[in-house]
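Here's the structure, in structure tokens; my notes come after.
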Amino acid sequence: MKKLIVFLFLVICGIARVQSQSMQDTVSSEDKLYALSMIWKEADYNFAFFDRQPQLNWDSLYRAYIPKILKTKNVLEYFRVLSSFTKQLKDGHTSVMTQQFYWNEIDSPPVEAILYQGKRYVTAVEVSLKDSIPVGSEIVKFNGQNWNDFSAGEGWFYFNNTPLTLSIITPEKKATNVTILRNQNLLFRAHTLKWYPVQAQSANFDFKYQSLSPKIAYVAINTFGDSTMVDSFKKVLPQLRKHKTLIFDIRKNSGGNDDYAIQIAKYLTGKPFMLGPQWRARTSNAAKRAWESADKVLYKKDVKTLYLSRDSWEVHPSDTISIADTLKRLNMPVFILTSANTASAAEDFLIYLLGSKNVTRVGQTTAGTSGQPEFFEIPKGFTVRICAKRDALPNGTDYINIGIKPDVPVEPFVSLKGEVKDVEMEKSLKLIKTGMLKSK
């Protein structure tokens, strides 16, 4: 009983400590330097992609960011400078991660926009703004600044309920300024957020099954981060077996756990086994690093260095995933819908299915970001992740920052008038109707 009371006390104190934090708090100089130095140190020893940026001098960049971090006035600015520092590594699995208290104070305007042919266009707005900011309007200025200058300062995400003035050109070519509030999260929490057009909202489900016709089934999985996705998929297997073809949608799946992706992929492939990604990670040997440093610094030798140049690796071949003979496959053509948002474990899912003659990928090239990050905490409640595991296709081909190409490329549909069109689905249905599969 005493242990339980102590545990509850610690939990309550921990919650209170997190809740008492604010993005407007100050940060000590010691904490600022410690956080920046931790990111520099852990990346220096473990980051897997320095060779992708030969022009990047990580040590010089670290020194350049010291005055930047010391100038920050509050937690928000501290977070943004550290985020900017990690972004210089240009890796989708390397970042500064936030806790909930961040989103309790920070908000964005209830406006959705896309970058199209070098310009930003409005694709959806909160319903009360539909007349003042018509869908299809071009945003030319943000608080009187261009996008790059604006993003480097106050930015799209800022303290909630703060104003933002958008300079727009409407579809009727009328130039006007509209001041709105950053209150999207506040409206959502109050259950009053309504988008126009309604269809422009992002998917609010993780798993979906639908019978499109007696012959065609549709499954969408938007995350591999939850074991219930496997349970949900297995639950609909009897319904799927009543169809002849499956359309499997992972266009909005940003990843999760490979184990869940594997369990589902086993039902889709026609192969007796699957191959996972090939991977490698940097290695460190203190003695060999010391010998290299002596040759370079003391004896001025022009010798090849592995540990000082971050070029010592431990390489691992693809794992072979066996599939039990007792597992009852679907044994049908599978059309997998992909997009630039398909990432991480969702890309691994595609890798496990490479070489499956019954599988055809339709859509756009994937995000090209996977691997295993190292995690560590820094002051003020933030967690940093540094990608330390470098994945490749089973044959060693690199796809990080490149992506996995579809078998059937489809240009994404860009709507500037609020209309809805699912071009990837339409292409898949056409392929099914004509009986066309990818050439194996």
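Brief remarks on what is shown
- In this structure, Lys194 and Arg329 have a Cβ-Cβ separation that, at R0 = 45 Å, corresponds to a calculated FRET efficiency of about 0.55.
- Remark: the Cα gyration tensor places the chain in the oblate category, a/c being 1.5 or greater and a/b not exceeding b/c.
- Three-way shape call for region 104-220 based on the alpha-carbon gyration tensor, with the a/c threshold at 1.5: prolate
- Expressed as a whole percent, the accessible surface of region 288-419 that belongs to carbon and sulfur atoms is 51, based on a 1.4 Å probe.
- You can think of it this way: the chain between Trp58 and Leu115 has 17.5 nm of extra reach, that is 0.36 nm per residue less the Cα-Cα gap.
- Percentage relative contact order, the chain, counting C-alpha pairs under 8 Å, at least six apart: 16
- Theoretical gain in end-to-end length, Ala286 to Ile66 [0.36 nm per residue, Cα-Cα removed]: 76.5 nm
- Reachable aspartates and glutamates from Lys174, criterion Cα separation under 17 angstrom, eight or more residues apart if same chain: Asp131, Glu138
- Heavy-atom accessible surface of region 180-271: percent carbon and sulfur, 1.4 Å: 50
- If you plug the beta carbon distance of Lys41 and Thr320 into 1/(1 + (r/R0)^6) with R0 = 30 Å, you get a FRET efficiency near 0.25.
- Between region 123-192 and region 31-102, the alpha-carbon centres lie 29 Å apart.
- Taking Cα centre as origin and charging only the Cβ of basic (Lys, Arg, +1) and acidic (Asp, Glu, -1) residues, the dipole magnitude of region 310-440 rounds to 500 debye.
- For region 89-175, the share of accessible area belonging to carbon and sulfur comes to 49 percent (1.4 Å probe, ligands and nucleic acids excluded).
- Scattering from region 235-360 was approximated by placing one identical point on each alpha carbon and applying the Debye formula without solvent; log10 I(q)/I(0) at 0.16, 0.21 1/Å stands at -0.81, -1.20.
- Mean ellipticity per residue at 222 nm, deg cm²/dmol - from DSSP H runs of n ≥ 4 across the chain, formula -39500 (n - 2.57): -9000 deg cm²/dmol
- Shape category assigned to region 39-122 from the gyration tensor of Cα positions, a/c cut at 1.5: oblate
- Computed label-point distance, nm, for sites Ala294 and Asn146 using a 7 Å Cα→Cβ extension: 5.4
- Note on Asn177 and Asp131: the extension gain reaches 15.3 nm, defined as 0.36 nm multiplied by sequence separation minus the Cα-Cα distance.
- Listed residues Phe142, Ser60, Val423: farthest to the positive end of the dipole of the chain (Cβ charges): Val423
- Quarter of the Cα convex hull surface for region 132-200, i.e. its orientation-mean projected area (nm²): 5.2
- Average accessible surface area per residue within the chain, 1.4 Å rolling probe, Å²: 54
The values are calculated or read from the model by the stated rules, or taken from the named source; none is laboratory data. Not measured: the values here are computed from a predicted model. Methodologically, a virtual Cβ is constructed for each residue, glycine included, from the backbone with ideal geometry; neighbour enumeration extends over all protein chains shown. The protein model used for the area step is the full one, side chains on, heavy atoms only, and it has no ligands, DNA or RNA in it. Shrake-Rupley method; radii C 1.70, N 1.55, O 1.52, S 1.80 Å.
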